[in-house]
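The structure appears below as structure tokens.
The values are calculated or read from the model by the stated rules, or taken from the named source; none is laboratory data. What you see is a predicted model, and the numbers here were worked out from it, not measured in a lab. Methodologically, a virtual Cβ is constructed for each residue, glycine included, from the backbone with ideal geometry; neighbour enumeration extends over all protein chains shown. Surface accessibility is based on the protein's heavy atoms, side chains included, excluding ligands, DNA and RNA. Shrake-Rupley method; radii C 1.70, N 1.55, O 1.52, S 1.80 Å.
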Amino acid sequence: MIRVRVPGGSYPVILEPGLLSRAGKTLKKLGASRVCVVTNDVVWHHWGATLEKGLGAQATVIRVPDGEQNKTLSTVETIAEELVRARADRGALIVSLGGGVIGDIAGFVAAIYLRGVDYVHIPTTLLAQVDSSVGGKTGVNLRAGKNLVGSFHHPKMVLVDPSVLSTLPERELRAGLFEAIKCGVIGDQPLFNFLEKKAGDVLDGKLPALTRVIHDCLALKARVVSADEKENGLRRILNFGHTIGHALEAETSYRYFLHGEAVAWGMRAATNIAEARGTLHGSAAARIHALILRYGPVPPIVEIQPQDLASRLQADKKTRQGVVHFVLPTKIGAVKIVPDITLHQATRAIAGLLS
Ligand SMILES: NC(=O)c1ccc[n+]([C@@H]2O[C@H](COP(=O)([O-])OP(=O)(O)OC[C@H]3O[C@@H](n4cnc5c(N)ncnc54)[C@H](O)[C@@H]3O)[C@@H](O)[C@H]2O)c1
Ligand SMILES: [Zn+2]
């Protein structure tokens, strides 16, 4: 069990293969007046019966349509109306069963329904298991952009069962693994070494290997989030690969890359910048590039001009007077935040990836 410290308390993250079938019992112990599961058809089809076995039929199940395009205020409203119909009161417990999309929506509903009720995450994608289920960030998208409405609201508990990844499409698994590589680079050299040595087992979805990877990522995220709840300091290191990653996602209207894939390119660009500045040894840079490629394929960057990405960075609210903050590796397992990367340096790094 991993504990995440938050102001005024802490919550446990329990990681165990097979946990989903016992999750019902664990949830019942929380003594909620009503358990309301928020999920979607895809996840419920694969895993609903397993959860229901322990939970009993009394729980209310609210299914929302699958996909990032439904991470909206309108979905939040629909769920809230259903909660009222199910007579969920302040003692109700919301349970998210799904990937990061379901987790972000359900967490946000929990933050605002009756001015806040408890919730538990049961993440079912690798990305959600290693990243989005810990940290308390909740929210939805607006037409104007992603995650523009939201709140910090921490779960009571996170229940992680790596066995549910057996039904996850392989591309989604690999996208989550890029976030795991990120964890290795920013703060866990043994994890990076493990991802190198056991790539075959990890990519085959072998449970012992996956469980070890998920554990190490969760431990790192818990450490970072416990030290910095609201992303003022240490938490920014989690953004390694995300500056250019977000620009790539936006430039392709969020339809071409999975998030982790865009981050994979972003990490390679940041690695190039670090190497060009002489702050990262060439051999370490080569290992980072090689590991990312090993966990590929990553969809190629096509029909995107480096200058267009640079303008995205320019428009980014974190860019001031032509310089951008970047999280750059200094060796495998350590990064620093460099505040003065010029758009020219960033463009060169991106162009380097295209050649
Ligand atoms: N809150 C945070 O800190 C945080 C951090 C990172 C990302 N996010 C958010 O997470 C979202 C992305 O999450 P995601 O990558 O998990 O995508 P997702 O939730 O859309 O899931 C990907 C796909 O996999 C399906 N799926 C989920 N579990 C499955 C399973 N076990 N078997 C088969 N199919 C399954 C889903 O229905 C969906 O079609 C984005 O909206 C992003 O903004 C939030
Ligand atoms: Zn990410």
FRET efficiency estimate (nearest 0.05) - Cβ-Cβ, Leu293 to Thr252, R0 25 angstrom:
0.75
Less than 15 Å apart at the alpha-carbon level, and either on another chain or at least 8 residues along: which aspartates and glutamates does that give for Lys221?
Asp131, Glu179, Asp188, Glu229, Glu231
In degrees, nearest 10, range 0 to 90: what is the angle between the Cα axis of helix 242-251 and the longest Cα principal axis of the chain?
80
Amide H contacts of Val37 (H built 1.01 Å from N, under 5 Å, at least 5 apart or other chain):
Thr60, Val61, Ile62, Val95
Can you list residues whose amide H is under 5 Å from Phe326's amide H, if they're 5+ apart or on another chain and H is modeled 1.01 Å from N?
Val338, Asp340, Ile341
Comparing His215, His154, His289, which has the greatest mean-square fluctuation in the GNM of the chain with Cα pairs linked when under 10 Å apart?
His289
For region 179-277, run through the trypsin sites (Lys or Arg not before Pro) and keep only the ones in DSSP coil with at most 15 other Cβ atoms within 10 Å of their Cβ.
Lys206, Lys230, Arg255, Arg277
In whole µm²/s, the translational diffusion coefficient that Stokes-Einstein assigns to the chain, given a Kirkwood hydrodynamic radius over C-alpha pairs, 4 °C and 1.567 mPa s, equals 63
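Could you please state how large a percent of the accessible area of the chain is carbon and sulfur, counting protein chains only and using a 1.4 Å probe? Each step should come with its number before you reach the end.
Details: 7920 of 15520 Å².
Result for the chain: 51 percent of the exposed heavy-atom area is carbon or sulfur.
Nothing charged except the Cβ atoms of Lys and Arg (+1) and of Asp and Glu (-1): what's the magnitude of the dipole of the chain about its Cα centre? Round to the nearest 20 debye. Numbers along the way, then the final one.
Working: 42 positive and 32 negative charges, 177 e Å.
Its charge dipole is roughly 860 debye.
Taking every pair of distinct Cα atoms and averaging 1/r, then inverting, what Kirkwood hydrodynamic radius in Å comes out for region 2-167?
Working: mean 1/r = 0.0646 Å⁻¹.
Every distinct Cα pair counted, the radius reaches 15.5 Å.
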How big is the antiparallel share of DSSP beta bridges in the chain, given as a percent to the nearest 5?
45
Which log10 I(q)/I(0) values does region 179-354 give at q = 0.12 Å⁻¹ under the Debye formula, counting every alpha carbon as one identical point scatterer?
-0.53
When the chain is treated as a Gaussian network with springs between alpha carbons less than 10 Å apart, the largest mean-square fluctuation among Ser96, Ser133, Ser166 is found at Ser166
Report, in whole Å, the centroid distance computed from the Cα atoms of region 175-206 and region 323-348.
22
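Please give the calculated 222 nm ellipticity per residue for the chain, where each DSSP H segment of at least 4 residues contributes -39500 (n - 2.57) and the sum is spread over every residue; nearest 500 deg cm²/dmol?
Values: 13 runs with 167 residues, N = 355.
Taken over the chain, the calculation gives -15000 deg cm²/dmol.
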Cut-off 10 angstrom, C-alpha nodes, Gaussian network model of the chain. Which of Val35, Val120, Val302 fluctuates the most?
Val302
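Just to confirm, what accessible area per residue do you get for the chain at 1.4 Å probe, in whole Å²? Spell out each step's value before the answer.
Numbers: 15520 Å² over 355 residues.
Solvent-accessible surface per residue comes out at 44 Å².
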